[in-house]
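The next block holds one structure in the form of structure tokens; read it before the comments.
The values are calculated or read from the model by the stated rules, or taken from the named source; none is laboratory data. These numbers come from a predicted model, not from an experiment. With ideal geometry, Cβ positions are generated from the backbone for all residues, glycine too; neighbour counts draw on all protein chains shown.
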């Protein structure tokens, strides 16, 4: 796994991790649940499937952690979805003590750069979109839309109740441009199929509700 120093003289290190780094994976899951809340992070068995490259060949997972003296103080988890050529940032959190230092941006940027590498490896010039789920009205959502060149997808998006998660109304945030209706449907379909591992999204009631809301806005 590649390791990058955050800054010269910094006690922090950014490192890509995988299932072979079990202790760091477990620490990362614990940190995410502590900061984000248990209801917003999938259970451990599902989390291990999420970061496993063998779960789905069309989904390339990435986990990037921020280490201080070998202890996880920040993490992002995401995946490159091969079919729609889209990167998805699933989780991102930094320990309270280390916030307001640009470390969230560092972790996210590293994850997005991995999506770009995946796109090139799959014979694309670059990723078409990077998407994230965000809480309605959150500071992070406002920052991304107001200053980050992001767009809120025009639909009634909801997180499906799978993988130990409850159903939640969220905003689906997209960069670097707003997708058209066909692109938006493709993204949501692959999120439900590849990320949430719902085999037949078209038969899923949550997907149908999101898809119907997209069609109404189109």
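Brief remarks on what is shown
- If the condition is being under 19 Å from residue 161 (Cα atoms) and not in a loop (DSSP other than H, G, I, E, B), then the range 35-49 contributes 36, 38, 39, 40, 44, 45, 46, 47, 48, 49.
- Members of the range 186-210 that are in a helix (DSSP H, G or I) and touching a helix residue (DSSP H, G or I) at 6+ places or on another chain (Cβ under 6 Å): 188, 189, 192, 193, 201, 207, 210
- Subset of the range 126-155 [out of contact with any helix residue (DSSP H, G or I) (no Cβ under 6 Å at 6 or more places or on another chain) and part of a loop (DSSP other than H, G, I, E, B)]: 128, 135, 136, 137, 138, 148, 149
- From the options 52, 28, residue that is modelled with pLDDT of 95 or more and either on the phi > 0 side of the Ramachandran plot or in a helix (DSSP H, G or I) (or both): 28
- When the range 137-165 is filtered for residues that are surrounded by fewer than 16 Cβ atoms within 10 Å (Cβ to Cβ) and out of contact with any strand residue (DSSP E or B) (no Cβ under 8 Å at 6 or more places or on another chain), the ones remaining, listed by number, are 137, 138, 139, 142, 143, 146, 147, 161, 164.
- Any pair with Cβ under 8 angstrom, 6 or more apart, that starts in the range 83-111 at a residue that is closer than 19 Å to residue 196 by Cα and outside the structural domain of residue 174 (by TED's automatic domain parsing) and ends at one that is outside any strand (DSSP E or B) and at pLDDT below 90: 92/104
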